[in-house]
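Quick notes on the structure that follows.
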Amino acid sequence: MAIAIILSLIIPGLGHVYIGRFGRALIWFVGALAIGLILDQQGSLTPGSLIVLTVLGVIAAIDALVMMRFFTAKDGRT
């Protein structure tokens with residue numbers, strides 16, 4: 001469980017790959033990449049941009065945790 005969270009904090013979507021949710025992983029990764037590129041149009045990230053990207057990573061980690069709990073409960077695993 002902790003591995004998926006840590007992976008999502010490092011790169012949004014990577015925790016979803018770890019738990020086998022490839023479509024959702026692609027959405028998170030492409031979304032984070034697009035937001036990062038939009039925020040970095042000036043050539044350097046501002047502290048506000050870094051905060052936005054950090055919050056995005058935390059939300060991706062929470063989503064990976066929720067998906068992992070949902071699919072393990074659905075499969076009957078604990």
Filter segment 20-47 down to the residues that are within 11 Å of the chain's Cα centre (by Cα) and either β-branched (Val, Ile, Thr) or surrounded by 14 or more Cβ atoms within 10 Å (Cβ to Cβ) (or both), then identify the one that is farthest from residue 59 (Cα to Cα). 30
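Take residue 59 and tell me if it is touching a helix residue (DSSP H, G or I) at 6+ places or on another chain (Cβ under 8 Å) and either assigned to a loop (DSSP other than H, G, I, E, B) or of a type in the set (Val, Ile, Thr) (or both).
no
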Any residue that is hydroxyl-bearing (Ser, Thr, Tyr), in contact with a Gly (Cβ under 6 Å, 6 or more places away or on another chain) and in contact (Cβ under 8 Å) with a residue 24 or more places away in the chain - is there at least one of those in segment 18-26? no
When you go through (1) loosely packed, with under 12 Cβ neighbours inside 10 Å; (2) within 13 Å of the chain's Cα centre (by Cα) one by one for residue 74, which number turns out not to apply? (2)
Within segment 62-78, take every residue that is of a type in the set (Gly, Ala, Ser) and assigned to a helix (DSSP H, G or I) and give me the one that is nearest to residue 7 (Cα to Cα). 64
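No lab work stands behind these numbers, since they all come straight from the coordinates. Note that this is a predicted model, so its numbers are computed, not measured. With ideal geometry, Cβ positions are generated from the backbone for all residues, glycine too; neighbour counts draw on all protein chains shown.
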